[in-house]
Amino acid sequence: MFGINMAESGGEFVSPGPNSFDFSEVPLFHLGGLAVTKPMVQLVLGALVVFVFFYAAFRRATLVPGRLQFAGESAYGMVRNSIGRDIIGSHDFIKFVPYLVTLFFFILINNAFASIPAIQFPTFSRASMAYALAGLSWVIYNAVGIKKHGLLGYLKLQSVPSGVSPFMYPLLVPLEFFSNILVRPVTLALRLFANMFAGHLLLILFSTGGLFLLEYGGVGYVAGPLAWVLAIAISFLELLVQFLQAYVFTLLNAMYISGALADEH
Amino acid sequence: MQNLIFLAEGTEPTEGGHAPENPLGFVPVEFALSLVVFGLLLFLIWKFVAPRFEQTFAERTQAIEGGIAAAESKQAEADAKLAELEKQLADARHEAARIREEAREQGAQIVAEMRETAQAESTRIVEHGKAQIEAERQQAVTSLRAEVGSLATGLAGRIVGESLEDEARQSRVVERFLADLEAQTVGADNGTTPGSVN
């Protein structure tokens, strides 16, 4: 994509930047006056993939699972047991399992779009989409806590550390409130967004840079392919990051819910 | 390669004329769409996937636990049966030992009885034999006495030439002779002669 630009701008390499993530100028189609961009379509596609997979896996669920059902159960069970039950605890994890499962697989597939040929764009490198999930997480864990402890009880639980001398409260209470109530959604959103953004940027840089070097000739005949080899290596690293970010996002959600439900901080 | 890149051109943004977007900027449409799509997916998973998973999971757990419970009850049953059989076996052994003991006692008793009976029988036979012998001896003695008397009388009559046909006298003579004979036998001498009768 930048090869063309480079050619047009007379051999000058145009480094990828925030504009590589801006699709507002090139909507795929318009829907009632709304410009539908590629990340929006990906979002819907990701949700469809997740639902169709699980629905097909459990449509005719039997005691002895078939291959698809086994895959679905393993995937569902991993989030249910190793995130939900182990973090929230077996007493009241079950009602959060659909939320955690949806969250994990929705993020995972949308991250994986970065590596799927012909799509090759991580949906959550659009910050607003990460904001939405982080905001929802914030609403959910706070609502769960307020429902259980009442507003004041919940604020006390989250802000007043136990086992600390009251003389320290003026220092600690604002700090705890800040870190437990205000900062959490921000870090959730930024962690997911920044990882996806940076990973995709690196990939663009190495692949377009490699092409530029090849066209430049000379030392570029060695450096260009080398950049592509690195791009492949980074792709594998990205696969790991995609999974880890989905996992961490879901895990932190479970921990926040568990913290909001806790009796003692 | 160029073609591929050219194709991508259509979907990827370019260095267009518009001002660069802040990557952290807030795009309301994307924010809202994310919430809606995620919400819908959550609803669908909640409604159609989670219950089926939990149901299957519960059924499977129950099937496994039911199987284990059934196996346990079978095991308990088998244990009870084994204990019962062992008890029966012990009873049978005890019974057998008792019967053997009884049989031994009975056998000993029977042997003792038989011995006693045999003893009695043998005693009886011996007694009977003795009695018979005695009777025969008596009979022999009696007949011998009569025979000896008549023989002696006949012999003596022939020798002395005198008939001793008189019954009474004959008998008297014989008696006297025999008495002498017996006396002589008791007196341990052997000089008994018919002559002394006369």
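Derivation of every value follows stated rules applied to the coordinates shown; laboratory data play no part. Model, not experiment: these values are computed from the prediction. In this analysis, Cβ positions are derived from the backbone assuming ideal geometry, glycine residues included, and neighbour counts consider all displayed protein chains.
How fast does the protein assembly as shown diffuse by Stokes-Einstein, in µm²/s, taking the Kirkwood radius from C-alpha pairs at 10 °C and 1.306 mPa s? The partial results should precede the final answer.
Values: Rh = 32.8 Å.
Answer from the Stokes-Einstein relation: 48 µm²/s.
Between A:ARG60, A:ARG85, A:ARG191, where does the largest GNM mean-square fluctuation fall for chain A, given springs only between Cα atoms within less than 10 Å?
A:ARG60
Once you mark the GluC sites (Glu not before Pro) that are in a DSSP loop and have at most 15 other Cβ atoms within 10 Å, what is the longest gap between them in chain A?
Working: sites that count: A:GLU12, A:GLU25, A:GLU264.
Here the longest segment lacking exposed loop sites spans A:26-263.
So what's region A:120-215 giving for Rg/Rh, alpha carbon basis, Kirkwood Rh from the mean inverse pair distance?
Details: Rg = 20.3 Å, Rh = 16.2 Å.
That ratio is 1.26, to two decimals.
What are the equivalent ellipsoid semi-axes of region A:170-254, built from the alpha-carbon gyration tensor (square roots of five times its eigenvalues), in whole angstrom, biggest first? Intermediate results must be reported in sequence, preceding the final value.
Numbers: eigenvalues 331, 38, 12 Å².
Values for region A:170-254, descending: 41, 14, 8 Å.
Projected onto the charge dipole of the protein assembly as shown (+1 at Lys/Arg Cβ, -1 at Asp/Glu Cβ, origin at the Cα centre), which of A:SER128, A:ALA223, B:LEU89 gives the Cα projection farthest towards the positive end?
A:SER128
Would you please classify the overall shape of chain A from the alpha carbon gyration tensor, given that a ≥ b ≥ c denote the square roots of the eigenvalues, rounded means a/c under 1.5, and beyond that prolate means a/b larger than b/c while oblate covers the rest?
Working: a/c = 2.29, a/b = 1.59, b/c = 1.44.
Prolate, because a/c is 1.5 or more and a/b exceeds b/c.
Who wins for biggest fluctuation among A:LYS38, A:LYS148, A:LYS95 in a Gaussian network model of chain A, springs between alpha carbons below 10 Å?
Highest fluctuation among the options: A:LYS95.
Is region A:5-80 rounded, prolate or oblate when judged by the Cα gyration tensor, a ≥ b ≥ c being the square roots of its eigenvalues, rounded requiring a/c under 1.5 and prolate requiring a/b larger than b/c?
Numbers: a/c = 4.51, a/b = 2.39, b/c = 1.89.
Judged from the Cα gyration tensor, region A:5-80 comes out prolate (a/c at least 1.5, a/b above b/c).
So how far, in whole Å, is the C-alpha centre of region B:50-100 from the one of region A:123-184?
A separation of 55 Å, based on Cα centres.
With a Förster radius of 60 Å, plug the Cβ-Cβ distance of B:VAL36 and A:VAL222 into 1/(1 + (r/R0)^6) and report the FRET value to the nearest 0.05. Each step should come with its number before you reach the end.
Details: r = 50 Å, r/R0 = 0.83.
Efficiency at R0 = 60 Å is approximately 0.75.
Would you kindly state how much longer the chain becomes between B:LYS47 and B:VAL186 on full extension, computed as 0.36 nm times their sequence separation minus their alpha carbon distance, in nm to one decimal?
Working: separation 139, 0.36 × 139 = 50.04 nm, distance 14.36 nm.
Here the segment from B:LYS47 to B:VAL186 would lengthen by 35.7 nm.
Only Cα pairs under 8 Å and at least 6 apart count here; give the relative contact order of chain A as a rounded whole percent.
Working: 272 pairs, mean separation 63.3, N = 265.
Relative CO of chain A lands at 24 percent.
Classify region B:55-131 as rounded, prolate or oblate, taking a ≥ b ≥ c as the square roots of the eigenvalues of its Cα gyration tensor: rounded when a/c is under 1.5, otherwise prolate if a/b is larger than b/c and oblate if not. Please list the in-between numbers first.
On the way: a/c = 19.61, a/b = 11.99, b/c = 1.64.
The shape class here is prolate.
Over region A:210-265, what portion of Cα pair distances is larger than 13 Å, expressed as a whole percent?
Details: 1084 of 1540 pairs.
Looking at region A:210-265, the distances longer than 13 Å represent 70 percent of pairs.
Using just the helices of chain A, give the 222 nm mean residue ellipticity in deg cm²/dmol: DSSP H runs with n ≥ 4 each add -39,500 (n - 2.57), and the total is spread over all residues, rounded to 500.
Numbers: 9 runs with 172 residues, N = 265.
Result for chain A, helices only: -22000 deg cm²/dmol.
Starting from 0.36 nm per residue, how many nanometres of slack lie between B:GLU147 and B:HIS128 once their C-alpha separation is accounted for?
On the way: separation 19, 0.36 × 19 = 6.84 nm, distance 2.75 nm.
Here the segment from B:GLU147 to B:HIS128 would lengthen by 4.1 nm.
Average partner chain C-beta neighbours within 10 Å, per residue of B:47-60?
Numbers: counts 1, 5, 14, 11, 2, 10, 13, 5, 2, 8, 5, 0, 3, 6.
Whole-number average of other-chain Cβ neighbours for B:47-60 is 6.
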